[in-house]
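Structure first, commentary second.
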Amino acid sequence: MTSNPFQDHYARIFYPTARGYTTLNPDAFQAHSSKAHSLEGLQLGDLVLRRHSGLVHYVGINITRNANDPRNWQKLPTGYKHLLFEPGIDYIVDEARFPRPSVFLATTSASDVFDVRCVPRADAHDFEKLEFSTSATEGAYCGLPFGGSSHECTPLGLQKIQHFALEHGRFWYYQVMHVDSLDLQNGDLAVVTGCEKASYWTCGVFSSSHGSESPFKKRLVVPKVEAGIVQNVRMIEDCDEETSPTLFDHYVQSARKDTANRFEKQTCCFAFRGFRVSLKSSIYNDMRVPRTTREQLWHALPRFLRPTMKTWPVYPHQVPPYHPCTAISELVLASDKRITTAVIHDNDVLTVLEPVSRNIPLS
């Protein structure tokens, strides 16, 4: 599982737009999942990891479902407690729909100001193509030929999940590292509080070949559907011959088009937001299963003789992309010995950013 430079670029461009973590391959989310999870796609309350390749890895625990729920395919201990939502209170925003078709576009100008917009369809009759254009140094887009949906927690729901994460974060790390034996770094676990999904998609990144702003113009093509099967057609094309393809380095990745009736099931997650959970380094190192001789020797020493160190590094192919929340959590945990768990939401980072400095490195 190697780093994908296009995925890094795509996530970095879209992150300051408050979409959260975006992936060039929404299909990758379906890996490492149960049957129930594959049928439903990403759900609010899922515990996930994210990797350089764009994989969004569901670890088999949804904090809002009980231990016997099919979605919780991990073997949970007796007495496991899930998050209970009180009846009659709105904890989740009603599902929002994106127009069919839609294009989300994020670009950086010379001053690093982001321009994000959803371009709706122009008419309601026999519409098959949607043009979008910009002028920028670099950017990214996500085209949804059949539209999509957004799911979000209300402020009250966010508060309830945050308190639950502070109380149970240590258990989640223990469960993932010891029971599922996943190799993860401290700060890698996230609780999903919002997501955007679609049935078909096409994602792309572009950057100016000569380092200055240039016009970028493309056309989103809506695939035809015959007998419930989406026909294998190209979903992104040039608008006209005058647009020189040499002005931009362009990389695009689209959904597979080989599944019947797939356009009716919105299970591909192209963006998610949530709380990232981190533990104090000493606690995390104690909980981690030793995998190397050095780790085994460290665990064999009495606690008062153990040298202080940051969390153990994981194998290179498992290293997650850099995230600002992780760095902030480390500072918070180091500021006070009494703090053992830090929980920070993706949106919290955006509130402290200046408009001219939103070009955050995510890798």
Handout entry: Ranked by how many other beta carbons lie within 10 Å on average, peptides 332-342, 274-284 from highest
Key = 274-284, 332-342
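Going by average Cβ neighbours within 10 Å, how do the peptides 291-302, 160-171 rank, with the highest at the top?
160-171, 291-302
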Handout entry: Within-13-Å neighbourhood charge of Leu55 [Cβ basis; K, R +1; D, E -1]
Key = 0
Exercise for the section: Just the Kirkwood number for segment 135-196, please: inverse of mean 1/r across all distinct Cα pairs, in Å, one decimal. Expected result: 15.1 Å
Exercise for the section: For the pairs Lys197/Lys224; Lys197/Lys217; Lys197/Lys310; Lys81/Lys197; Lys75/Lys337, note any where the Cα-Cα span goes beyond 31 Å. Expected result: Lys197/Lys310; Lys75/Lys337
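Read the figures in this text as sums done on the coordinates, not as results from a lab. Everything numeric here is computed off the predicted structure, so don't read it as measured data. All Cβ positions, glycine included, derive from the backbone under ideal geometry; neighbour counts span all protein chains shown.
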